[in-house]
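Only one structure is covered here, and it is reproduced in the block below.
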Amino acid sequence: MNLIDRPRRNRKNPAIRSLVRETTLSVSNLIQPLFLWEKEWSEPIESMPGIMRLSPKDLLQECENLLRWGISAIALFPYIEPKYKDSRGSHGLNPDNILLTAIQAIKKAYPDLIVIADIALDPFTDHGHDGIMNAQGRILNDPTVEMLCKMAIVSAQAGADIVAPSDMMDGRVGAIREALDQAEFEEVSIMSYAAKYASAYYGPFRDAVGSKKDKKFPLDKKTYQMDPSNIREALREIFLDIQEGSDILIIKPAGAYLDVIRAVRDQVLLPLAAYQVSGEYAQICAAARLGWLDYEPIRDESLLAIRRAGADMILTYFAHEIAEANFKTL
Ligand code: PBG
């Protein structure tokens, strides 16, 4: 054949492939979400193989490991004992709660590790919703935002470097920015879940933090989280968060929303994060356990795709093991 263009030339060996590679995955782009609780022992989460609800002591050990392996940021999610929960999530503001005491302990021991405090009421409410619920079962926007502002301040006081509102109430980014600034926390960043979808991929996470209701009454968050059908609406949410003062935008979930990541990347200047959520993690683990997929290549391909779509950083439950393996081959 008389071909001028032979794209295979650029694929003929590993060396040339590495020269022409357009997207890479690096440990420095990964953020590890961690689950914690107040009990003195750690417990595996059944639907998330390899992931534990960590005791305060094991949490500190995990932070030390992650830092040594090159992970620079963690996102914390508390499992709150049912006895502390109420319909308003009041325990979220108690300075002695496990989330705030953990942030304090981590920042004291590892000041260089970036701690991202999730700002939402769901771990603390007895109904499992991210906001305050009225007698008719409606989630109230403005009273919830007031709570979230207070939560952001107590998190900053505990030492959080970044607060991450994950609730999808309207106007919360602007309100939190103002509240933080008034309390002289202008250096604390806001990483906002700008486009968070009402996704079925959050199931294992809800197991992990104990916000799941029984199977007959699945938690329906569709009045605040976004409809999976929509992409223009994601851009609308993104632009609102930018106007309100977000520093880093998050899209969530990641793998099933690569088009959203790309559309946002093409339109905004802010750094963009994507959250590869619990269900995405569980799917890969489950298929690998059955022997139906090869674990490591699938894991890496799933993350590379998220980077290729345009995410600068990825929150992923795989961060720990990727960083550890990378460190050991250095
Ligand atoms: C709620 C919250 C959720 C996740 C992070 N924060 C679940 C939900 O909206 O019910 C899910 C993360 C995951 O699935 O890994 N504030």
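The values are calculated or read from the model by the stated rules, or taken from the named source; none is laboratory data. Quick caveat: nothing in here was measured; it's all calculated off a predicted structure. Reconstructed Cβ throughout: ideal geometry from the backbone, glycine too, with neighbour counts over all protein chains shown. Heads up: the accessible areas ignore ligands, DNA and RNA and are worked out on the full protein's heavy atoms, side chains in. Shrake-Rupley method; radii C 1.70, N 1.55, O 1.52, S 1.80 Å.
Numbers at a glance
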item	result
Residue within the range 234-250 that is under 24 Å from MET48 (Cβ atoms) and surrounded by 16 or more Cβ atoms within 10 Å (Cβ to Cβ) present	yes
For LYS196: the one exception among (1) assigned to a helix (DSSP H, G or I); (2) within 16 Å of the ligand (Cβ to nearest atom)	(1)
The listed residue being over 20 Å from ILE242 (Cα atoms), open to solvent by 20 Å² or more (accessible area, probe 1.4 Å), away from the ligand (no atom under 15 Å from the Cβ) and modelled with pLDDT of 95 or more, out of GLN136, GLN157	GLN157
Whichever residue in the range 3-24 is not in a helix (DSSP H, G or I) and not charged (D, E, K, R) and, among such residues, is most open to solvent (accessible area, probe 1.4 Å)	ILE4
Cβ-Cβ under 6 Å pairs, at least 6 apart or on other chains, the range 248-265 side touching a residue at least 40 places away in the same chain (Cβ under 8 Å), far side more than 16 Å from the ligand (Cβ to nearest atom) and open to solvent by 20 Å² or more (accessible area, probe 1.4 Å)	ILE248/PRO271; LEU249/LEU270; VAL260/ILE231
Matching entry among ILE114, ILE153, ILE103, ILE119 (being more than 26 Å from LEU30 (Cβ to Cβ) and aliphatic (A, V, I, L, M))	ILE153
Test for THR101: is it part of a loop (DSSP other than H, G, I, E, B), β-branched (Val, Ile, Thr) and open to solvent by 20 Å² or more (accessible area, probe 1.4 Å)	no
Every residue from the range 122-148 that is under 12 Å from ASP167 (Cα atoms) and among the polar types (S, T, N, Q)	ASN141, THR144
Candidates ILE106, ILE74 - the one that is open to solvent by less than 20 Å² (accessible area, probe 1.4 Å), touching a Cys at 6+ places or on another chain (Cβ under 7 Å), outside any helix (DSSP H, G or I) and touching a residue at least 12 places away in the same chain (Cβ under 8 Å)	ILE74
ALA256 being over 18 Å from ALA75 (Cβ atoms), assigned to a helix (DSSP H, G or I), modelled with pLDDT of 95 or more and within 16 Å of the ligand (Cβ to nearest atom)	yes
